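**Student:** Sharing a structure here in structure tokens format.
The values are calculated or read from the model by the stated rules, or taken from the named source; none is laboratory data. Just so you know, these numbers come straight off a predicted model, no measurement behind them. Cβ placement follows ideal geometry from the backbone for every residue including glycine, while neighbour counts extend to all protein chains displayed.
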Amino acid sequence: MSRLITHLLSRAVPDVQIESARVFKAANIYWFVVEPDHYSYWDRFRKIHLNWKRIALKYKAVKVSVASPGFCPAFTSGEDLFNWMFDVLELTQGERNLLLLCVRYDVKGVDPF
């Protein structure tokens with residue numbers, strides 16, 4: 001699953017090189033972690049995808065994550081995190097279905113590209 005997330009987030013900000021991206025969960029809060037430079041990535045993401053904040057608030061993002069520069073919006077459910085990404089990146093139904101399938105079955109080692 002993380003390879004697919006890495007691919008999608010790389011495509012979302014093509015001028016920032018990323019090595020990996022994954023879902024991180026702590027204290028029932030979910031967000032994407034991007035390596036090697038998480039903060040620079042999310043700063044650039046916010047400048048490219050101007051609708052990120054409106055959509056984050058639609059899915060009830062944790063307010064401090066929205067107000068903090070260089071952070072990925074954080075959500076109280078993984079479903080809201082993925083729905084936010086789907087909407088901001090305007091993913092096709094096929095991309096959404098593939099990612100949800102990987103999440104549901106936690107498919108390891110699958111490289112769909």
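**Student:** Are any of the residues in the stretch 45-59 among the hydroxyl-bearing types (Ser, Thr, Tyr), touching a residue at least 12 places away in the same chain (Cβ under 8 Å) and in contact with an Asp or Glu (Cβ under 9 Å, 6 or more places away or on another chain)?
**Tutor:** Scanning the stretch 45-59 turns up at least one residue that is among the hydroxyl-bearing types (Ser, Thr, Tyr), touching a residue at least 12 places away in the same chain (Cβ under 8 Å) and in contact with an Asp or Glu (Cβ under 9 Å, 6 or more places away or on another chain).
**Student:** Right, here's the next one. Can you name every residue in the stretch 12-31 that is out of contact with any His (no Cβ under 9 Å at 6 or more places or on another chain) and in contact (Cβ under 8 Å) with a residue 24 or more places away in the chain?
**Tutor:** Residues satisfying the conditions are Asp15, Val16, Val23, Lys25, Asn28, Ile29, Tyr30, Trp31.
**Student:** Going through Phe86, Phe45, Phe71 one at a time, which residue ends up being surrounded by 13 or more Cβ atoms within 10 Å (Cβ to Cβ), assigned to a loop (DSSP other than H, G, I, E, B), touching a helix residue (DSSP H, G or I) at 6+ places or on another chain (Cβ under 7 Å) and aromatic (Phe, Trp, Tyr)?
**Tutor:** Every option except Phe71 fails the conditions.
**Student:** Identify the single condition in (1) among the hydrophobic types (A, V, I, L, M, F, W, C); (2) farther than 15 Å from Lys25 by Cα; (3) crowded, with 18+ Cβ neighbours inside 10 Å that Ala61 does not satisfy, given that it satisfies every other one.
**Tutor:** (2)
**Student:** Across the stretch 64-82, which residue is farthest from the chain's Cα centre (by Cα) among those that are within 17 Å of Phe24 (Cα to Cα) and hydrophobic (A, V, I, L, M, F, W, C)?
**Tutor:** Val64
**Student:** Moving on. Looking at the stretch 83-99, I want the residues that are under 20 Å from Tyr30 (Cβ atoms) and have a partner that is among the aliphatic types (A, V, I, L, M) and not in a loop (DSSP other than H, G, I, E, B) with Cβ atoms under 6 Å, at least 6 apart or on another chain. Which pairs are those?
**Tutor:** Trp84/Ile55; Trp84/Ala56; Asp87/Ile55; Val88/Ile55; Leu89/Ala12; Leu99/Leu4
**Student:** Would you confirm, using the coordinates I've provided, whether Lys60 is modelled with pLDDT under 90 and assigned to a loop (DSSP other than H, G, I, E, B)?
**Tutor:** No, not satisfied.
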